[in-house]
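The values are calculated or read from the model by the stated rules, or taken from the named source; none is laboratory data. Bear in mind the structure is a predicted one, so any value in this text is a computation, not a measurement. Reconstructed Cβ throughout: ideal geometry from the backbone, glycine too, with neighbour counts over all protein chains shown. Quick note on the areas: whole protein, heavy atoms, side chains included, nothing else; ligands and nucleic acids left out. Shrake-Rupley method; radii C 1.70, N 1.55, O 1.52, S 1.80 Å.
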Amino acid sequence: MSTTAPRTLADQLRGWSTDQLTRFLTARPDLANPAPQDSAQLASRAGTRASLTRAVDQVDLLGLYVLDAVRHQGAPASTAGLRTAVHASPDAVDAAVQHLQDLALLWGTPQSLRMPSGLAEIMGPSLSGLGPSAEELLAGYRPARVAALARDLGLSAGGDREHDIKAITGHLADPEHVRDLVAEIDPRTRAILDHLEGEGRDGVVESTDRTVARGDEAGPVDQLLSRGLLVAKDRRHVAVPREVSTALREGRSTRERIDEIPGLALSPRDPALVDRAAGGAAFELVRHVELLLEHWGTTPPSALRSGGLGVRELKAAADLLHVDERVTALLVELAVAAGLLAVGSTDEREVAWLPTDAFDAWTAAPYAERWTRLATTWLHQPRLVGLVGSRREGKPVNALAPDLERGWLVGARISALTELAAVDRGEVLAAGTGVPSLVARLEWRRPRRPRARAEAVAWVIEEAAAVGVLGLGGLSTHGRALLGPEPSLEVAPLLEPLLPAPIDHVLLQADLTAVAPGPLAPELARRLSLVCDVESRGGATVYRVSDASLRRALDAGWSAAEMHGFFASASRTPVPQGLTYLVDDVARRFGTLRAGTAESFLRSDDEATLTELVHHPRAGALRLRQIAPTVVLSDVPLDVLLPRLRELGAAPVVEAHDGTVRLARRAVHRARTPRASAGGDQVDGGALTARLSARDAARVSATVTAIRAGDQVARTRPSARPGSAAVSTPASTLAVLREATDAGAAVWIGYVDKHGTSAERVVDPVKVEGGWLTAYDRRSEEVRAFAVHRISTARTLDDSQV
């Protein structure tokens, strides 16, 4: 790097190598789109409030304290001075300064460092809690009181108030003098001073309007005021001068070291146990998503007008899966983000959440590949699912609501997992203290992140455990591979041995239940769910065979012989005799009664069946009327009549217009796969990330080439030489104004006011922000605001022209 201090940030950017400029645009990608014309325009963009905010959000706590020290030292600062001011090792300070220079948050040479104009305002209050200087505080003192304090400090009071204030300020700026003054006060007074200095806030007293000499016996406040260790701001408030605070901290910005990264609270754990626990959670994730979407394929939940999922539908899904609603919301959000679930229309033209065409292809893939798709989707999912179920503005937050996206969430999630990936295998987050320690470390890494980060990190850890990335508080082997460049190739082989092998049988029991002692093969699970209902889930799934479940299989086209054959082939235990009788009984009654529309009609060759049904005590609401020994009419619609008849124990089938039986198989609905998922982007998040990284690298390279070409044109353009001509394009006007602000140079502008009157002004820019130039107008001798869009021309003036 050149030892000659650049005049402006644009000058520094012009002198950077291609590698430096590439790193800069990679770290601050918002500056490269669209490509700047030259380095002057790039520097202008880098000084905007929005871009500076994004850049400073990437800085860790040490970097923020370095910037804070530069602000207090004033421009220009030096690296040597920062090593003294910041309580950290010299190497850590140098590395922080270099990182800040790479982000263009500092520019210049190590002996002359400057901040972009406007950055101090973005950073807000001082991090170190340093108060105003003694000179600023003493400005409110009366001349007699200033002179008395000067005499108390052993200074010659010359009667000139300004001279006395500067003498007092210089005296307090000497650490040796401050240490001598502190040594004179008693321990109780020292404790008060340390407290006020540590808190960085004003102290409140009864009154400061009194004069006590330095040698007099006095209370704690008077001891401090008479020595200048406290200075009165008004009659009720006192403050520790910045010089005193700095001396108490031995010249440092803080009492504690800033470069010490908070440690993680860890406990030992067998890595094999971690992998097995995470593998079990991964299997449950895939199984739950499949069960939920298969159920919604036949009974889809309605989509809210806002696009979300209703509270009742979410609760019903949680009951179906036997998990809590928070986990259910995560499953639903992942299904939508992975392209497996989308809004579609049913046969009744109702808008509902339906599985997509991609869901069928997903279910045919191996378990490990299916999990990889869901896990990579979760890793890059920008939606804050943890808010689901909370209330905002008096209304509950629904799953799939459109306002849950947070731009910072993906970075926070990857940062949290990256910290866990750096932990040695065999160690996991400690119970109770592990998550808070992770939050503290991430707060050090990115202290300017949103306040909701602490809660969001806890949700990330909770979700990672539910997804199967974490197990027992530690990052699993396949979870580490998920963070790699190609998870689609690395994750599946690592996860496959951890997944339970699918089984091809169940255990039928005499109480008409079927126990699946493990995960069933997909085909067996689908057929079993048709003839049985799930009674409980856990390590083993229990299915219940009932009249209703057997009728459902008959409605789908199964015969009694097919059901007998299925139970015999699927069970490792003998088929109970009661189950055989139940199948035969339900099949015997199935189809003996036929229904049609008259509004509706019932027809049966068994006259006794119809007679019994017409006179059933609970059939009054069906308004049945027997018009023949084998025919009964009703004015109840068929879709209402059928379930009511089944409640009465009948098993009707629907008769078509030609007298044939129409099977009442449940319709399976599908939605169109969203375009973002149809191309496979969601299938391989790592490949997508690699493609995007390559695309960004190519874009940055092209941008650097364009900037270099623009700089070459600017050097050969006559109007680019100082004082030769004025620029007139909006982009170049902004570039000139920001350059002049950085360099502290005067600018000649042509300005058109709101009345359309043209005028010429020579101004000294203070800041350029939000489309306004704040500058000292030499004509009116006051600070004014100029609308940038009204500046027709602008030209930087050199010293000879001012």
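Overview of results
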{"read-out": "Verdict on R276 being basic (K, R), out of contact with any strand residue (DSSP E or B) (no Cβ under 9 Å at 6 or more places or on another chain) and open to solvent by 10 Å² or more (accessible area, probe 1.4 Å)", "value": "no"}
{"read-out": "Some residue of the stretch 301-310 being modelled with pLDDT of 85 or more, under 30 Å from A440 (Cβ atoms) and not in a loop (DSSP other than H, G, I, E, B)", "value": "no"}
{"read-out": "Set S701, S724, S728: member being modelled with pLDDT of 80 or more, at negative phi and open to solvent by 50 Å² or more (accessible area, probe 1.4 Å)", "value": "S701"}
{"read-out": "Index of the failed condition, R544 passing every other in (1) open to solvent by less than 30 Å² (accessible area, probe 1.4 Å); (2) modelled with pLDDT of 90 or more; (3) within 49 Å of the chain's Cα centre (by Cα)", "value": "(1)"}
{"read-out": "Test for S128: is it part of a loop (DSSP other than H, G, I, E, B) and open to solvent by 30 Å² or more (accessible area, probe 1.4 Å)", "value": "no"}
{"read-out": "Filter result for the condition that a residue is within 22 Å of R312 (Cβ to Cβ), in contact with a helix residue (DSSP H, G or I) (Cβ under 8 Å, 6 or more places away or on another chain) and not small (G, A, S), over L384, L330, L429, L379", "value": "L330"}
{"read-out": "The stretch 311-365 - residue that is under 28 Å from the mean Cα position of the chain (by Cα), free of Cβ contacts under 8 Å to residues at least 40 places away in the same chain and not in a helix (DSSP H, G or I) and, of those, surrounded by the fewest Cβ atoms within 10 Å (Cβ to Cβ)", "value": "D324"}
{"read-out": "Residues satisfying the stated conditions in the stretch 207-218, i.e. open to solvent by 30 Å² or more (accessible area, probe 1.4 Å) and in contact (Cβ under 8 Å) with a residue 24 or more places away in the chain", "value": "S207, D209, T211, A213, R214"}
{"read-out": "Residue under evaluation A560, criteria (1) aliphatic (A, V, I, L, M); (2) within 48 Å of the chain's Cα centre (by Cα); (3) surrounded by 16 or more Cβ atoms within 10 Å (Cβ to Cβ), criterion not met", "value": "(2)"}
{"read-out": "Residues located in the stretch 214-266, provided they are within 30 Å of T433 (Cα to Cα) and either assigned to a helix (DSSP H, G or I) or in contact with a strand residue (DSSP E or B) (Cβ under 8 Å, 6 or more places away or on another chain) (or both)", "value": "L264, A265, L266"}
{"read-out": "Residue that is least open to solvent (accessible area, probe 1.4 Å), among those in the stretch 57-73 that are at pLDDT below 90 and more than 16 Å from G251 (Cβ to Cβ)", "value": "D57"}
{"read-out": "Search result, residues across the stretch 465-509 that are among the hydrophobic types (A, V, I, L, M, F, W, C), in a loop (DSSP other than H, G, I, E, B) and closer than 30 Å to R527 by Cα", "value": "L499, A501"}
{"read-out": "Residues of the stretch 7-46 that turn out to be more than 19 Å from G710 (Cα to Cα) and crowded, with 20+ Cβ neighbours inside 10 Å, as a count", "value": "1"}
{"read-out": "Tabulated pairs, the stretch 612-632, first hydroxyl-bearing (S, T, Y), second surrounded by 10 or more Cβ atoms within 10 Å (Cβ to Cβ), C-beta under 8 angstrom, 6+ apart or interchain", "value": "T630/R603; T630/S604; T630/D605; T630/E607; T630/L610"}
{"read-out": "Within the stretch 43-52, considering residues that are closer than 11 Å to R28 by Cα and in contact (Cβ under 8 Å) with a residue 60 or more places away in the chain, the one farthest from the chain's Cα centre (by Cα)", "value": "A46"}
{"read-out": "Candidate set from the stretch 186-233 (those that are over 17 Å from L172 (Cα atoms) and of a type in the set (S, T, Y)); member that is modelled with the lowest pLDDT", "value": "T211"}
{"read-out": "Qualifying residue in the stretch 287-298 (condition: buried (at least 19 other Cβ atoms within 10 Å of the Cβ), under 18 Å from T372 (Cβ atoms) and hydrophobic (A, V, I, L, M, F, W, C))", "value": "yes"}
{"read-out": "All positions within the stretch 239-290 that are under 30 Å from L130 (Cβ atoms), in contact (Cβ under 8 Å) with a residue 12 or more places away in the chain and within 27 Å of the chain's Cα centre (by Cα)", "value": "I258, D259, I261, P262, G263"}
{"read-out": "Matching residues, the stretch 383-407, being in contact with a Lys or Arg (Cβ under 6 Å, 6 or more places away or on another chain) and part of a loop (DSSP other than H, G, I, E, B)", "value": "L384, L404"}
{"read-out": "Residue list for the stretch 151-191, filter: of a type in the set (V, I, T), in a helix (DSSP H, G or I) and either open to solvent by 50 Å² or more (accessible area, probe 1.4 Å) or under 23 Å from R252 (Cα atoms) (or both)", "value": "I168, T169, V178, V182, T189"}
{"read-out": "Entirely in the stretch 29-92, the helices (runs of 4 or more DSSP H) that have 3 or more residues that are out of contact with any Phe, Trp or Tyr (no Cβ under 7 Å at 6 or more places or on another chain), acidic (D, E) and closer than 22 Å to T741 by Cβ", "value": "none"}
{"read-out": "Long-range neighbours under 8 Å by Cβ, at least six apart or interchain, first residue farther than 13 Å from S529 by Cβ within the stretch 291-305, second among the charged types (D, E, K, R) and assigned to a helix (DSSP H, G or I)", "value": "P301/E313; S302/E313"}
{"read-out": "Set Q12, Q98: member being over 23 Å from R242 (Cβ atoms), part of a helix (DSSP H, G or I) and without any contact (Cβ under 8 Å) to a residue 60 or more places away in the chain", "value": "Q98"}
{"read-out": "Residue list for the stretch 574-583, filter: open to solvent by 60 Å² or more (accessible area, probe 1.4 Å) and outside any helix (DSSP H, G or I)", "value": "P574"}
{"read-out": "Where a residue in the stretch 144-155 is β-branched (V, I, T) and its partner, wherever it lies, is open to solvent by less than 40 Å² (accessible area, probe 1.4 Å), with Cβ under 7 Å and at least six apart", "value": "V146/L138; V146/D164; V146/I165"}
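Yes or no, residue by residue, for (1) surrounded by 18 or more Cβ atoms within 10 Å (Cβ to Cβ); (2) over 16 Å from R551 (Cα atoms); (3) in contact with a strand residue (DSSP E or B) (Cβ under 9 Å, 6 or more places away or on another chain); (4) of a type in the set (D, E):
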position	(1), (2), (3), (4)
E599	no, yes, yes, yes
S604	yes, yes, yes, no
R618	no, yes, no, no
R625	no, yes, yes, no
D635	no, yes, yes, yes
R644	no, no, no, no
L648	no, no, no, no
A651	yes, no, no, no
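The rows are residues; the columns are (1) open to solvent by 20 Å² or more (accessible area, probe 1.4 Å); (2) modelled with pLDDT under 85; (3) touching a helix residue (DSSP H, G or I) at 6+ places or on another chain (Cβ under 7 Å); (4) part of a loop (DSSP other than H, G, I, E, B).
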{"residue": "L105", "(1), (2), (3), (4)": "no, no, yes, yes"}
{"residue": "A120", "(1), (2), (3), (4)": "yes, yes, yes, no"}
{"residue": "E136", "(1), (2), (3), (4)": "yes, no, no, no"}
{"residue": "L149", "(1), (2), (3), (4)": "no, no, yes, no"}
